[in-house]
Structure formats: C-alpha cells, structure tokens
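Starting off with a structure, shown below.
The values are calculated or read from the model by the stated rules, or taken from the named source; none is laboratory data. Every value quoted in this text rests on a predicted model; they were computed, and no experiment measured them. Glycine gets a Cβ as well: all are built from the backbone with ideal geometry, and neighbour counts include every protein chain shown. Side chains are part of the model used for accessible areas, which takes the heavy atoms of the whole protein and leaves out ligands, DNA and RNA. Shrake-Rupley method; radii C 1.70, N 1.55, O 1.52, S 1.80 Å.
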Amino acid sequence: MATFTERMGPVLLLWLAVCLSGTWAVDKGNFKTCDQSAFCKRQRAVKPGESPYRALLETMELTNTRLTLQLINDNNKVRLLLELYRLQGNITRVKINELKPLKPRYEVPDVLIREPPTEPLSLLSQDENGVVLSLGAESQRVIVSARPFRLDIVEGREVLMSLNSRGLLGFEHLRMRKDTQADPEAENKEGTDPANQAETTTEEEEKVEDGMWEETFKSHTDSKPNGPSAISLDFSLPGVEHVYGIPEHADTLKLKTTDGDPYRLYNLDVFQYELYNPMALYGGVPVMLAHNVQRTTGIFWLNVAETWVDISSNTAGKTVFGKMLDYVQGSSETPQTDVRWISESGIIDVFLMLGPTPRDVFSQYASLTGTQAFPPLASLGYHQCRWNYNDQEDVRSVDAGFDEHDIPYDFIWLDIEHTDGKRYFTWDPHKFASPKEMLQGLLDKKRKMVAIVDPHIKVDTNYKIHNEIRSLGFYVKNKDGADYEGWCWPGSAGYPDFTRPDMRAWWASQFAYDQYE
C-alpha cells in the first residue's frame with residue numbers, strides 16, 4: 001500500500017509549481033502586445049499583395065557615390081526619396097525618407113563610427129520597367145523595378161535578397177490635424193505640385209483609426225501632434241531557412257516564425273521574463289543574420305524607435321521527413337524566409353551586409369558600428385555582485401568570507417541602496433558613513449569596488465546633481481519643451497539626454513574624485 005508521502009507527492013509538486021509560477025511569472029499585463037501597440041497593429045493589418053508604391057524613373061539621379069530616386073504612393077500621392085549607396089566591404093545601404101516632410105524626421109546619430117565610405121555605382125541598363133546597377137565585385141547587381149517598386153540584389157543568377165517583394169513597404173507621412181491646422185491656406189501655398197500637396201490633401205482620403213493621434217496604455221497616454229509616423233519594409237531571403245540575431249529575447253538561437261506576436265525590440269526591465277517568448281527584454285540590437293551552407297548575409301536596421309520584427313518561412317512546420325519527401329518527389333520549391341521590420345517612427349535606413357561568410361558579415365557590421373573596446377585588465381577577474389549589500393558591515397563580511405574560503409575575487413559591487421535616498425553619486429550617511437575607509441580596505445587587498453549609478457535622477461531641489469542638470473538644460477524634454485519627469489526607483493525622476501555630446505561630457509566629469517565624494 002502506498003504511503004501518504006507517495007500518494008501526496010505528485011499533488012505537492014503540482015501545488016509547488018502553481019505557487020512558483022504565480023510568484024515568479026512575468027505580469028504580461030505590464031507589457032504591450034502588437035495588438036496593443038497601435039502602429040504595429042495598423043501595419044500588421046496590411047497583407048502581402050500589390051504595393052501602392054512605384055518608382056518614378058524620370059526622377060533618377062546617379063552620381064559617383066549614390067543613386068536617388070523618388071517613389072510615389074499611388075493611394076495618397078505622397079512622395080518618398082530613395083537613396084542607394086554601395087559601401088566599401090560588400091555592403092549596400094538603402095535609405096527611404098519623405099521627400100518633403102512637414103518637419104525633419106528623426107535620423108539616428110552616434111551609432112555609426114563615421115560616415116561609411118562609398119564605392120562607385122555604375123548603370124548597366126535602364127528601360128520603362130526599371131534600372132540595373134552594378135555593385136562591382138562577383139557580378140553583383142541591384143535591380144530596381146518600377147511598378148510596383150521592388151529592389152533585388154543579385155549575384156550571377158542567384159537572388160541574394162529582395163526588398164518589398166511582398167509589397168509591405170509602408171511609410172506614414174507627417175501631417176497636420178485638420179482641427180488644429182493654424183494656417184488653413186497652407187495647402188495652397190506650394191502651387192499644384194502633388195509632391196508639395198501630399199501632407200495637406202491626402203488626410204481626407206485616409207481612414208482615421210484608433211491610436212493614430214493619441215493612444216493610451218494603462219495609465220500612460222502618448223499624443224502624436226503630427227499623426228502616425230510608422231515605417232515598414234519586408235525582406236525576402238531565397239534559399240534561407242535559418243535566421244539569427246535581433247537580441248535580446250529569451251528564445252532559441254535560431255529565430256522562429258512569428259505566428260503569434262512579432263519579436264519586439266524595446267528596452268525593458270523584465271527580470272521575471274518567460275522562456276521562448278518574443279517579448280522585449282533589456283536591450284535591442286536591430287541586426288539579423290541569414291545563413292545557409294552557401295552564404296551568410298546580414299540586415300542592420302538603423303532605427304532606435306520601438307520596433308517589431310515578423311518572420312515567416314515556406315518551410316515552417318515541415319518535419320525532416322517532410323523535407324526528405326519533398327526532395328524524393330522532386331519538389332522544386334526553394335526554401336525562403338521572409339522578414340518584416342515595423343518601427344514606430346524615424347526613417348528607413350538599412351544596411352545589407354552581403355557576406356559571403358559569417359566572418360565577413362561580422363567584419364562588415366564592425367566596420368559600421370565599431371569593434372569592442374578592450375576592457376581594463378582588472379575587470380576580467382571575478383566580480384561579486386548581488387542585490388543588495390545593505391551597509392559597510394555587509395561588505396566587510398562578504399569580503400572576509402571570500403578570504404575565509406580562499407576564493408579569489410577582484411571586484412565587489414554595490415547596488416543603488418548604497419546612496420543617500422537613491423540620489424546617485426552620493427553615499428548613505430548612516431549605512432556607508434566612511435566610504436573612503438571601506439574602499440581603502442579593499443584596495444589594501446588589491447580589490448576594487450563598483451558603485452552603481454543609474455541614468456535617471458531624483459527630482460529634488462536639495463540635490464546638487466539634479467539642480468545642475470536642470471540649470472544646464474540637459475534633461476530630456478516633453479512635447480511642450482519642459483523637462484520630462486518619469487517614475488523610477490527614486491520616485492519622480494528626470495532623464496539626462498545622453499544623445500547630447502555636451503551632456504555626456506558633463507556626466508563623465510561627475511565621476512572625478514573632486515566631484516564624486
């Protein structure tokens with residue numbers, strides 16, 4: 001006869017699993033899905049098919065460094081400007097922006113280590129259907145088709161990559177809301193050129209959907225004074241079944257097809273994340289690698305707005321047996337992966353890294369964004385880091401414990417509770433009353449300390465750091481030009497604008513010993 005423990009064991013395990021899942025599982029209600037993100041839902045509703053965009057070949061200009069060409073959306077008559085560059089190192093750059101935006105759209109600064117050096121493009125042929133350009137090496141060509149607009153990169157007879165082959169290019173133009181337009185005569189000031197009329201004449205033709213001018217998620221409302229500004233573009237990768245990259249997601253190395261939500265790129269603090277889930281985590285790197293036995297290529301989508309990435313494949317769901325059966329039966333279907341990028345704002349600025357080897361693709365990416373800096377030699381040792389060491393006695397005890405057990409370590413970390421009320425660059429006057437003495441004790445053992453400094457600042461008029469940032473105008477602003485205030489560990493917090501070089505220089509200066517007491 002089974003004992004009580006034997007009979008109750010499975011029940012207890014089930015109970016424990018339920019408790020732990022309820023305690024540790026991520027609260028999905030705190031994080032948007034595509035359906036809750038208006039631009040993602042709107043763009044994803046556009047199905048593959050006939051693209052409204054065509055290339056106006058009569059506007060093409062070809063110089064030694066680039067090709068420019070206007071595109072027009074035949075539905076709303078808005079014109080875009082396509083720029084095409086052949087870059088050194090077997091990279092092709094494609095930029096698409098509004099031809100005449102209402103105001104400049106955001107283009108990402110700082111990420112590229114320099115303006116990428118170009119190589120000459122040459123025209124091979126042109127007719128009423130499109131143009132063919134040479135990329136120089138290995139019989140590589142760019143084919144620009146006019147109606148609908150499509151771009152193919154070809155090597156010999158092999159198509160390496162196609163853009164807008166599924167007709168999912170989308171570019172929401174900036175516009176003025178009719179009920180807030182300050183100058184009702186503005187739409188007549190530019191004459192009759194449809195390129196100049198686009199932003200004022202098309203609004204009546206376009207259906208107004210929820211979330212185009214304002215949307216709310218939980219308690220946060222996001223207004224859009226110039227309307228929706230999302231961008232979208234699809235890429236087809238013939239012969240490819242395996243794609244990788246776009247970190248950070250708690251998923252398999254090989255990216256999966258996105259039958260549910262797309263992969264999201266949006267930096268979030270999600271310490272209770274789920275495995276095998278496309279939801280966003282701490283970082284977002286918009287780089288994807290495509291790989292097969294013949295070639296590796298890469299896509300670098302230079303955009304820092306919230307982004308969703310859809311992946312589909314004509315081999316998704318097929319078992320190994322099914323693929324073998326296709327082969328035996330002589331199926332002529334070529335494997336293909338299709339990828340679609342959707343970003344909330346900005347422009348389309350994409351680098352097509354053509355390999356052909358994995359090493360080449362990584363070198364091409366490094367040539368654009370730089371290589372990893374060598375870390376300080378001391379930082380390569382063991383770091384002891386936990387949330388949280390409460391006070392100097394806690395630090396002394398942990399340090400002594402490593403000595404007692406003869407475990408070497410080089411660094412110990414303090415989390416934000418070492419500060420005076422979460423005012424960074426300060427010390428808690430009671431729990432860390434003599435930090436210099438504590439640091440000297442570690443240094444005597446050839447050990448070092450890292451004290452965490454977070455990139456948000458407590459709004460407190462008695463706090464020197466806050467007052468200086470505010471007086472210098474270094475905080476991120478809201479749409480009205482006032483300092484933006486959010487909410488984080490210190491409570492009400494301001495966010496230094498790290499896109500400003502002068503802000504970054506000032507911030508760095510605060511780590512000097514005459515500033516950081």
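How many residues, within segment 85-111, are open to solvent by less than 10 Å² (accessible area, probe 1.4 Å) and either free of Cβ contacts under 8 Å to residues at least 60 places away in the same chain or of a type in the set (S, T, N, Q) (or both)?
Of the residues in segment 85-111, 1 are open to solvent by less than 10 Å² (accessible area, probe 1.4 Å) and either free of Cβ contacts under 8 Å to residues at least 60 places away in the same chain or of a type in the set (S, T, N, Q) (or both).
Can I ask one more? I'd like the full set of residues that are more than 30 Å from L439 (Cα to Cα), at pLDDT below 95 and not aromatic (F, W, Y), limited to segment 482-499.
Across segment 482-499, the qualifying residues are G486, T499.
A further question follows. Within segment 426-517, considering only helices (runs of 4 or more DSSP H) that don't extend past its boundaries, which have at least 3 residues that are open to solvent by 90 Å² or more (accessible area, probe 1.4 Å) and under 30 Å from Q384 (Cβ atoms)?
435-444
Need at least 3 residues that are of a type outside the set (S, T, Y) per element, so show me which strands (runs of 3 or more DSSP E) inside segment 224-292 make the cut, counting only ones lying wholly within it.
231-238, 242-245, 287-291
Then there's this: Could we say that I143 is free of Cβ contacts under 8 Å to residues at least 60 places away in the same chain, over 16 Å from N64 (Cα atoms) and surrounded by 18 or more Cβ atoms within 10 Å (Cβ to Cβ) here?
It is true that I143 is free of Cβ contacts under 8 Å to residues at least 60 places away in the same chain, over 16 Å from N64 (Cα atoms) and surrounded by 18 or more Cβ atoms within 10 Å (Cβ to Cβ).
Continuing with the same structure: Looking at (1) assigned to a loop (DSSP other than H, G, I, E, B); (2) open to solvent by 50 Å² or more (accessible area, probe 1.4 Å), which is the only condition T221 fails?
Result: T221 fails condition (1) only.
State which residue pairs qualify: first residue over 14 Å from R447 (Cβ atoms) and inside segment 368-388, second residue part of a helix (DSSP H, G or I) in any location, beta carbons under 7 Å apart, and separation of 6 or more residues or different chains.
Pairs found: N388/E417.
Criterion first (surrounded by fewer than 20 Cβ atoms within 10 Å (Cβ to Cβ) and either modelled with pLDDT of 95 or more or closer than 25 Å to V309 by Cβ (or both)) does R175 satisfy it?
No, not satisfied.
Then there's this: For segment 307-319, which positions are among the β-branched types (V, I, T) and either open to solvent by less than 80 Å² (accessible area, probe 1.4 Å) or at pLDDT 95 or above (or both)?
T307, V309, I311, T315
Results for (1) among the small types (G, A, S); (2) within 25 Å of K224 (Cβ to Cβ); (3) under 29 Å from the mean Cα position of the chain (by Cα), shown as yes or no for each residue.
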| residue | (1), (2), (3) |
| --- | --- |
| D454 | no, no, yes |
| G491 | yes, no, yes |
| F498 | no, yes, yes |
| A508 | yes, no, yes |
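Now for a separate question. Return yes when Q392 is surrounded by 14 or more Cβ atoms within 10 Å (Cβ to Cβ), among the polar types (S, T, N, Q) and more than 31 Å from the chain's Cα centre (by Cα) and no when it is not.
yes
Per-residue answers, yes or no, for (1) open to solvent by 70 Å² or more (accessible area, probe 1.4 Å); (2) modelled with pLDDT of 95 or more:
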{"residue": "F321", "(1), (2)": "yes, no"}
{"residue": "V328", "(1), (2)": "yes, no"}
{"residue": "S331", "(1), (2)": "no, no"}
{"residue": "P358", "(1), (2)": "no, yes"}
{"residue": "S363", "(1), (2)": "no, yes"}
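Have a look at Y513, Y475 and point out the one that is of a type in the set (F, W, Y), within 29 Å of the chain's Cα centre (by Cα) and farther than 17 Å from G421 by Cβ.
After ruling out the rest, the residue left standing is Y475.
Which residue is surrounded by the most Cβ atoms within 10 Å (Cβ to Cβ), if the candidates are limited to segment 124-134 and must be over 15 Å from E83 (Cα atoms) and touching a residue at least 24 places away in the same chain (Cβ under 8 Å)?
In this case the residue turns out to be G130.
I'd like the full set of residues that are under 21 Å from E517 (Cβ atoms) and of a type in the set (S, T, Y), limited to segment 443-479.
T461, Y463, S471
Would you mind finding the one in V285, V304, V270 that is among the aliphatic types (A, V, I, L, M), within 23 Å of P455 (Cβ to Cβ), in contact (Cβ under 8 Å) with a residue 40 or more places away in the chain and open to solvent by 60 Å² or more (accessible area, probe 1.4 Å)?
Criteria check complete, one pass: V304.
Just checking, how many residues over segment 380-401 are out of contact with any strand residue (DSSP E or B) (no Cβ under 7 Å at 6 or more places or on another chain) and in a helix (DSSP H, G or I)?
Number satisfying all stated conditions: 8.
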